[in-house]
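Shown next, in structure tokens, is the structure this report addresses.
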Amino acid sequence: MTPLPIEELAGTVDGVNDTFLTAADFSPGSVTVFLNGLVRQAGDADGWTESPPRTIILGEAPATGDTVHAHYLRVP
């Protein structure tokens, strides 16, 4: 598996959308999500869940102007 640099997730940041996509398939359990540069904990009410191969669902939709990034191990 190849680690990727921190990348901006694809998806609309508008206070409504809570679903974002990674650029490549990720290895389950390897994802770290950052909201506005701060690590969010998986499974927390305001955290996130993963839905392989590329979907990240946030517990709360980020507001307009927020940034959503992730780091993960890419599936070979």
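Scan segment 31-59 for residues that are in contact with a strand residue (DSSP E or B) (Cβ under 9 Å, 6 or more places away or on another chain), among the charged types (D, E, K, R) and either loosely packed, with under 15 Cβ neighbours inside 10 Å or without any contact (Cβ under 8 Å) to a residue 12 or more places away in the chain (or both) and jot them down. Selection gives Asp46 alone.
Pro62: assigned to a loop (DSSP other than H, G, I, E, B) and either within 14 Å of Glu7 (Cα to Cα) or within 12 Å of the chain's Cα centre (by Cα) (or both), yes or no? Considered against the rule, which asks whether it is assigned to a loop (DSSP other than H, G, I, E, B) and either within 14 Å of Glu7 (Cα to Cα) or within 12 Å of the chain's Cα centre (by Cα) (or both), Pro62 comes out as yes. Tallying residues that are in a strand (DSSP E or B) and out of contact with any Lys or Arg (no Cβ under 7 Å at 6 or more places or on another chain) within segment 4-33 yields 6.
Laboratory data are not the source of any read-out in this text; all were calculated from the coordinates shown. Because the structure is predicted, anything quoted here is derived from the model rather than measured. Positions of Cβ are generated from backbone atoms using ideal geometry, with glycine treated the same way; all protein chains shown enter the neighbour counts.
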